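Undergrad: Take this structure first; my questions come after.
The values are calculated or read from the model by the stated rules, or taken from the named source; none is laboratory data. Computed from a predicted structure; not experimentally measured. Backbone-built Cβ (ideal geometry, glycine too); neighbour counts: all protein chains shown.
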Amino acid sequence: MATYSLITIGQHEGASGNAQTVISDAAPMPVAAINGQVGVAGGSGAVSALTQRVCLATDVGLPAGSAHLGEVTANSPLAIPVSVTLTVGATYASGDHVGTSATPISFANAARVSGGEGIIHSLTISDPAASAAVALELWLFNATVTPPADSAAWDLSDADGLKCVGIISIPTTAQFLSSATGVMSVNNINLKYNCAATTLFGCLVTRGAPTYTGTLQITLQVARF
């Protein structure tokens, strides 16, 4: 004789004693049909109109500010190298703009998503001309700006000034020279910034009278949010 495991799912007291509803192999629990299906197919494994289905919603949006997949750690370090071509490339006066005329430095993908944020950890500038150590400033902006011509006096409009998210000072003590090249290195900056889109913009301003020619290689080490 077959043996079944019995489960009591409901019970009431009647005049003749307890009445029980029992589930077993011989009397399985009934399953209500999913809306739009006539009934439930048996255990044959065949797919038909009666097969119960599970639907996953694909129209559920991610919360604002986190619509980005594929990066496990939000603040993974990222190096952003940029080559800056000097339009004039001569002897600069203190307070001059150093860079491409009327064009800011673009640090692409400084934010993971449009309107995102980050923190600058370090800054490195390579000067192939091995100039004498002179203090510099890197002005940073959350959107594009219009700097003056290379080697012209640093002049920032009021509208562009509102876009400034910070200024990194590069003292002479952060500059290291060899006979072939010079390197400027500033660490532990921890400057938080935000971007209007995903690009951070910058402009170099000298506070001395260096001689720069050719190109400058600038690298920002950032953590993005």
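Undergrad: Given the conditions (1) in contact with an Asp or Glu (Cβ under 9 Å, 6 or more places away or on another chain); (2) crowded, with 17+ Cβ neighbours inside 10 Å; (3) assigned to a strand (DSSP E or B), report the number of the one that residue 112 does not fulfil.
TA: (3)
Undergrad: Give me the residue from the stretch 173-215 that is in contact with an Asp or Glu (Cβ under 7 Å, 6 or more places away or on another chain) and surrounded by fewer than 16 Cβ atoms within 10 Å (Cβ to Cβ) and, out of that set, modelled with the lowest pLDDT.
TA: It comes out as 181.
For every residue, the table says whether it meets (1) hydrophobic (A, V, I, L, M, F, W, C); (2) under 20 Å from residue 81 (Cα atoms).
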site: 139; (1), (2): yes, yes
site: 154; (1), (2): yes, no
site: 174; (1), (2): yes, yes
site: 193; (1), (2): no, yes
site: 210; (1), (2): no, no
site: 218; (1), (2): yes, yes
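Let's see how each residue does on (1) of a type in the set (Gly, Ala, Ser); (2) at pLDDT 70 or above:
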site: 66; (1), (2): yes, no
site: 69; (1), (2): no, no
site: 83; (1), (2): yes, yes
site: 92; (1), (2): no, yes
site: 96; (1), (2): no, yes
site: 102; (1), (2): yes, yes
site: 117; (1), (2): no, yes
site: 122; (1), (2): yes, yes
site: 127; (1), (2): no, yes
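Undergrad: On the basis of being of a type outside the set (S, T, N, Q), touching a strand residue (DSSP E or B) at 6+ places or on another chain (Cβ under 8 Å) and in a loop (DSSP other than H, G, I, E, B), does residue 134 make the cut?
TA: yes
Undergrad: A further question follows. What number of residues within the stretch 185-213 satisfy the criterion of being more than 14 Å from residue 109 (Cβ to Cβ) and of a type in the set (Ser, Thr, Tyr)?
TA: 5
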